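The values are calculated or read from the model by the stated rules, or taken from the named source; none is laboratory data. None of these values were measured; they are calculated from a predicted model. Here Cβ is always computed from backbone atoms with ideal geometry, including for glycine, and neighbour counts include all displayed protein chains.
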């Protein structure tokens, strides 16, 4: 019998080994969550650059599940990019 907790985990893809967000090799997913590699691809930056932004606190918001699992919501990635749209180089600090 499926519990409400199982249904919630299944709907987000969390906790299931064959779910899209658990598989780093699957490029398309219906989940709003992306693993670090997928988020880097989505932003067209390297994984290392995204890691450095996360450590420095200058990157997009993220979700931490446990000690090593980091996920990004697509909406947070989009918002972070929108906050960095400029019309001129004089509008931002170096």
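Run down 92, 49, 86 and say which single residue is in contact with a helix residue (DSSP H, G or I) (Cβ under 9 Å, 6 or more places away or on another chain) and loosely packed, with under 15 Cβ neighbours inside 10 Å.
Numbers: 92 fails: in contact with a helix residue (DSSP H, G or I) (Cβ under 9 Å, 6 or more places away or on another chain); 86 fails: in contact with a helix residue (DSSP H, G or I) (Cβ under 9 Å, 6 or more places away or on another chain).
None of the other options fit; the residue is 49.
Need pairs with beta-carbon distance below 9 Å; first residue touching a residue at least 60 places away in the same chain (Cβ under 8 Å) and within the range 44-64, second surrounded by 12 or more Cβ atoms within 10 Å (Cβ to Cβ); sequence gap 6+ or separate chains.
From the range 44-64, no pairs qualify.
Among (1) at pLDDT 55 or above; (2) farther than 16 Å from residue 73 by Cα, where does residue 36 come up short?
All conditions are met except number (2).
Quick check on residue 70: is it touching a helix residue (DSSP H, G or I) at 6+ places or on another chain (Cβ under 7 Å) and touching a residue at least 12 places away in the same chain (Cβ under 8 Å)?
yes
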